[in-house]
Amino acid sequence: MQCDKCKCLIESGDEMQYREMILCKNCYIDAMSPSRTCDPWAVYTAKSCSDAGTNLNEVQSKILKILKDTGGVKAEALAEMLHIGSSKLQREIAALRHMEKLKAAMKDGEKVICL
Ligand SMILES: [Zn+2]
């Protein structure tokens, strides 16, 4: 059985039904999470549930480094620093969120991305 969202293999008995989809536990929790703000389908860019976290692409590594150095920045500022479009940035952020590498937070009344 395959997860409809991240396409990882689901062991028999571990599959979760969500609307018309079969999801792995990670994606199911993700889908049910009320704090979710990103496009859930963006996790397509995460290779699979099992190896998530070990296969950061270049942009994702840079994002994590910037967040580590700055302690949290706005998404727009991040896109500027990386010289990428906001839609691409949102995809990478969603993938990193799926790996639980970063989160959104409020700082001085503004939404920032931080580790
Ligand atoms: Zn999944």
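Key figures for this structure:
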quantity: Which listed pairs, of 7/101; 5/101; 5/103; 5/65; 65/111, have C-alpha distances above 24 Å, in listed order; calculated: 5/65
quantity: Loop-located GluC sites (Glu not before Pro) in the range 56-100 whose Cβ has at most 14 other Cβ within 10 Å (DSSP); calculated: 100
quantity: The range 1-35 versus the range 85-115: alpha-carbon centroid distance in Å; calculated: 22 Å
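Read-outs throughout are calculated quantities, based only on the coordinates presented, and are distinct from any laboratory measurement. In this text the structure is predicted, and so the values were computed from the model without any measurement. Note that we place each Cβ from the backbone using ideal geometry, even for glycine, and neighbour counts take in every protein chain shown.
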